[in-house]
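Below is one structure, written out as structure tokens; comments come after it.
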């Protein structure tokens with residue numbers, strides 16, 4: 001009951017504050033908040049692989065007008081160079097790995113896993129709405145005894161509606177993978193659903209803080225992960241708008257012994273455009289975490305002050321943080337409540353010849369299938385650098401730290417640290433094919449873990465992976 005009282009109080013405070021300041025800000029300045037441009041259907045993009053001039057590319061992009069307090073990740077904008085279309089393709093990928101986490105280091109030597117994939121991308125654009133779908137799925141064949149053969153599927157879809165004063169968004173991100181999505185596929189493109197390259201439907205993904213955590217690499221086996229969201233944004237003035245979103249996430253494991261979880265999220269925010277490029281926001285987020293087969297449940301409330309700066313085709317920056325109040329159904333360490341800090345940051349920057357994407361999140365997550373809730377930090381970064389008209393490269397890194405929030409009094413809290421580092425190159429083979437090859441190292445360390453006969457107690461485990469991929473797509477079919 002106390003949790004729901006706090007939830008109601010947080011929503012009330014946010015709404016009263018936004019309604020109070022809206023009339024005041026509505027009278028300030030004559031600079032209007034930019035409106036979403038109409039969807040212009042232009043010729044399909046050049047598929048030759050040639051790099052376009054960056055200034056020319058910026059002129060054909062629509063700005064990202066998503067709210068700073070919303071569920072979507074910030075982008076550099078959306079290209080207009082598209083008809084409504086659908087496209088299909090096939091892909092073969094192979095990953096060779098030195099060893100598996102959770103087993104004796106080096107046992108069994110190297111293993112390989114092959115992926116035979118079918119890809120589909122659909123984009124349908126009207127004057128005030130857009131529907132996009134990216135899907136990849138197929139069969140995996142592994143020589144690893146603990147994995148074997150099976151299926152894998154990935155889906156990303158969104159439906160966006162743009163009106164003069166309000167916008168609506170429906171999003172879904174689903175995957176069924178043989179291992180953790182954190183680091184899956186490396187630089188090979190296997191982790192990206194749909195057609196790779198210019199033909200992929202340009203969908204914006206979720207911010208990492210809304211996705212079920214999967215940052216503990218030793219939690220093996222196939223798993224389902226799904227995140228669904230409905231979001232509404234209403235402009236209460238020329239510069240201000242209220243955003244409300246409901247999100248449901250789930251994480252399910254095929255193997256026994258892992259912890260299945262559900263997350264229900266309510267996100268309420270107020271956004272204010274300082275200039276055409278800068279905006280501020282205040283948000284309230286309530287997460288309810290439930291774990292199958294466990295009496296424990298977690299109610300987490302995060303209050304954030306947010307800042308966003310976006311320059312179309314050049315920069316997308318989001319910063320946010322504030323107090324985090326966590327309530328437990330079953331007391332941990334003699335208390336049912338803890339107070340800490342939470343927040344996130346993301347950056348996408350386009351240099352003259354390369355681009356950088358980085359993100360950071362800190363807060364309460366579902367526990368990655370090992371804990372009934374964890375205090376999590378996660379950092380990812382990708383740098384893309386063209387080498388020539390046909391060749392380009394990518395460099396990736398990631399770090400994830402998970403500490404249980406349900407600790408046993410008198411014992412150290414178990415903590416898992418996962419590190420990823422990799423690089424790859426890929427080459428266009430004409431208009432319809434692409435080849436890539438890459439390498440990735442994965443390192444996991446842990447402390448405070450009680451060893452059992454079924455658990456590996458090496459404090460540090462390292463695996464090496466090589467990845468290659470060959471993709472081919474059929475010519476796109478124009479819908480209209």
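The numbers here are math on the coordinates, done by the rules we state, and not lab data. Quick caveat, the model's predicted, so the values are computed rather than measured. Note that we place each Cβ from the backbone using ideal geometry, even for glycine, and neighbour counts take in every protein chain shown.
Modelled spin labels at residue 352 and residue 333, positioned 7 Å past Cα toward Cβ, are 5.2 nm from each other. Approximating the spin labels as points 7 Å out from Cα along Cα→Cβ, the residue 441-to-residue 480 distance works out to 5.4 nm.
The label point for residue 305 and the one for residue 192, both projected 7 Å from the Cα toward the Cβ, are 3.7 nm apart. The listed peptides 354-366, 179-191, 318-330, ordered by packing as a protection proxy, come out as 179-191, 354-366, 318-330 (highest mean of other Cβ atoms within 10 Å first).
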